[in-house]
Amino acid sequence: MSRITARVFRAASNGAWLASKAINGLFPEANLPSPSWAPGRLLKQRDRMPMDTGVPRKTLSLCPDCNREAVEALLKGEIDAADFRDNPGIIEAEILEEGGRILMRKACEQHGPFEDTLSNHPDFFRKMERLAFGRDFECVDDCKVHGHGPNSLRSGRGTFLIVDITNRCNMMCSPCFMDANAASYVHELTIEDIKTIFSNALSFKPQREINVLFSGGEPTVSPIFLDAVRHAKSMGFHRLHVATNGVHFAESRDFAFRAKEAGLHAVYLQLDGVSEEKNKHRGLGNYIAVKRQALENIASAGMRTTLQVTVTNGVNDDGLGDIVRFGIQNIDKIHGVVFQPIMFAGRDEGVSADERYAHRYPLTQLAFDLHEQTSIGWQPMRDWFPLSDFGIFAHLCDVLNPQAKLGSLFQETHPNRGIFSPLLVDTHQKHAIPIPVFFNLEQFMRDVVEVTDSARGPAVTKAHVSLSALRNFNQQKAPSGFGPADLRRVLEDCFYRVAGSCDHWSQKVHSYGGRWRVMIFNGMWFQDVFNYDFSGICNSTTPVATTQGEISFCAYYGGGWRKVVEHQSRTATLAEWHRTHGRHEIYANGKKVDLGQPVHGADTELIQIDAQPLAIPTSN
């Protein structure tokens, strides 16, 4: 398509959009449908509870010392679980801007003041708050699932249901938000516990399509891991994942195939850098070889991997661009990347103030570091959005499919805690470009909200969204060879990831084999006691599923609930476990995993992204 043709096509699309908008405005708004999975009608934008945002603002937080003392009192039997539930150490806090930073300040009458940095880029911080989509439905019939006092979940479907299947691990990492292998007891779920957890997950509305993430410890060391996956699959959960260090997947190709056969959809693989130096804090002697072997075995079994990166200032923050390059060069195996700034919990909960200040990595810094460390024209203020904006597309899918049995994956992570940026990857050339370079994603999302609020029914809604997609697409700035038909295909692929649901969903979602693929880079910052903000707890999208209900990930690990739950339902003392089950292998202090003969492709060299941008077409 020539430049002139592209300009005419875009002008015509915009004209058609404006005309349809004018015609649509002649008719009153209709009502959105009431799907069977929802507690009421689908929500319009004005009906949604807004996120608690703004600077300055007041909020509630935790006193780190009061919270620790409350947990210790419960473990000693001095208070019961109800006392801890109602009084976990709450104090008032203020979020303010000072000296070019967004800070949280709070003071405890007994333990004094605390301060932490939430952002060193105030303009970016405010933009994420401004763009945040509102909250999802309030939960109903959920008393036995969400009864955790001020830490209770009150709205939303959740995006990831975390199932911590064991506190045992085959590594001894630092950091570790669970402090795996350091407890004097074993906390291990049984298959009966698994049944209870997934029964609870289906017991309330809104009923949802959700990603299940088996975690730990290291979940693959559990003897019931594969049985747990099978049971979840039998209960109708299709998006089954495991968060793993990859050791077992690297050791055994057969294990990867058995996991896939059991129903596992994909893998979240821990990776803090692309060199041994960037991962030496993990303690594994042949770390990179293990990760490469795991990637190969997982891909051979027909699954894809999301890289899960813990970002620590002064440790690996200067190597994030290399991880992006690695992901793009291995897009046949890698689905995306999640960057998680360090959470001072578990093994790191006793961190000194000086060490915390030195290693704290504010979430907003991610966008600016990736701008500096890559050569693809990544612009922080143009190319990043709050994770909650995924909810716009989930809502669209719900409007287009009112007869669906389950709601779509709906993100409502607080904008201070979750951001994302989508890249378009040319899988032939292994080049990437931020999608907002050629597609006005911010305006498209505004258009989608306007269209869905008018409630015109699936057919008209789909037509209006298609016009919006075309009017926001600038082919003159798109990669050479990427046209409107390609745009439609990648959008359809993305929507199916959010809303698809069938027994063969896992096979279908990875069946798209076109030249162009969207790769999402997420930043997810889980709260610890130092930056704890209750305004983001009630709508957490990553609940931890326990036999006592679903608890916000931040409350579970950052707010002391993990120790409470494990104390109440510990399986055995460590000595008792070793007597009956033996000791499992632990790879620490430089110990290497025996990989045997690596499979072909596991030793592929990294290739840097070309310093030149993708070609911009001038004509066909």
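The values are calculated or read from the model by the stated rules, or taken from the named source; none is laboratory data. Just so you know, these numbers come straight off a predicted model, no measurement behind them. Don't worry about glycine lacking a Cβ; one is built from the backbone with ideal geometry, like all the others, and counts go over all protein chains shown. Ligands, DNA and RNA are excluded from the accessible area calculation, which covers all protein heavy atoms including side chains. Shrake-Rupley method; radii C 1.70, N 1.55, O 1.52, S 1.80 Å.
So here's what we get for this one:
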item	result
For the chain, share of DSSP beta bridges that run antiparallel, in % to the nearest 5	60 percent
Extreme residue, positive dipole direction of the chain, given options P415, A555, Q207 (C-beta unit charges)	Q207
Label zone at H567 (point 7 Å along Cα-to-Cβ), backbone N below 17 Å, the stretch 163-194	179, 183-187
Sequence of C143, C108 when ordered by accessible area, the most exposed leading, probe 1.4 angstrom	C143, C108
MRE, 222 nm, helices only [DSSP H, n ≥ 4, -39500 (n - 2.57), over the chain, to nearest 500]	-10000 deg cm²/dmol
Cα gyration tensor of the stretch 78-201 - equivalent ellipsoid semi-axes, whole Å, descending	32, 23, 19
Whole-Hz ³J(HN,Hα) from phi, Karplus 6.51 cos²θ - 1.76 cosθ + 1.60, for the stretch 536-551, glycine and proline x	x, 7, 5, 10, 4, 9, 10, x, 8, 8, 10, 5, 9, x, 9, 10
With DNA, RNA and ligands ignored, accessible area of K195 (1.4 Å probe; Å², nearest 10)	90 Å²
Hits among lysines - C-alpha to C-alpha of K333 under 21 Å, sequence gap 8 or more where chains match	K260, K291, K430, K508
Nearest-ten-degree value, helix 225-234 long axis tilted from longest Cα axis of the chain	40 degrees
For the chain, accessible area per residue (1.4 Å probe, heavy atoms of protein chains only), Å²	39 Å²
Electrostatic dipole magnitude of the stretch 3-51 [Cβ: Lys, Arg +1; Asp, Glu -1; Cα centre; debye, to 20]	280 debye
Cα long-axis angle, helix 484-499 against the chain (0 to 90 degrees, to the nearest 10)	30 degrees
Rg to Rh quotient for the stretch 381-439, alpha carbon positions, Kirkwood Rh	1.09
M104 - accessible surface, heavy atoms, 1.4 Å probe, Å² rounded to 10	0 Å²
Label selected from (1) 25.5, 95; (2) 40.0, 134; (3) 24.0, 77, the criterion being Rg and Dmax of the Cα atoms in Å as computed here	(3)
Kirkwood Rh, angstrom, the stretch 1-76 [1 / mean 1/r, Cα pairs]	19.3 Å
The stretch 316-469 - charge dipole about Cα centre, Lys and Arg +1 at Cβ, Asp and Glu -1, debye rounded to 20	500 debye
Degrees, to the nearest 10: 320-329 long Cα axis against longest axis of the chain	60 degrees
Top positive-direction residue, dipole computed over the chain with Cβ charges, set H431, T220, S174	H431
Kirkwood-type radius of the stretch 358-476, with distances r between different C-alpha atoms, in Å	16.2 Å
Where V186, V460, V351 fall by accessible area, highest first, once all protein chains stay in place (1.4 Å)	V460, V351, V186
With every protein chain in place, the stretch 300-447: carbon and sulfur % of accessible area (1.4 Å)	48 percent
Selection from I4, I79, P484 lying farthest towards where the dipole of the chain points positive, charges on Cβ	I4
Net charge dipole size for the chain [Lys, Arg +1 and Asp, Glu -1 on Cβ; Debye, nearest 20]	2180 debye
Residue order for Y357, Y556 - accessible surface, 1.4 angstrom probe, largest first	Y357, Y556
Rg/Rg_globular for the stretch 333-401, with Rg_globular taken as 2.2 N^0.38 Å and Rg from C-alpha atoms	1.55
Estimated distance in nm for a label pair at M49 and A19, the labels positioned 7 Å out from Cα along Cα-to-Cβ	4.4 nm
Fraction of accessible area attributable to carbon and sulfur, the stretch 1-120 (%, probe 1.4 Å)	53 percent
Estimated distance in nm for a label pair at D594 and K462, the labels positioned 7 Å out from Cα along Cα-to-Cβ	5.7 nm
Long pairs among K106/K127; K44/K144; K21/K127; K278/K591, criterion Cα-Cα beyond 22 Å	K106/K127; K44/K144; K21/K127
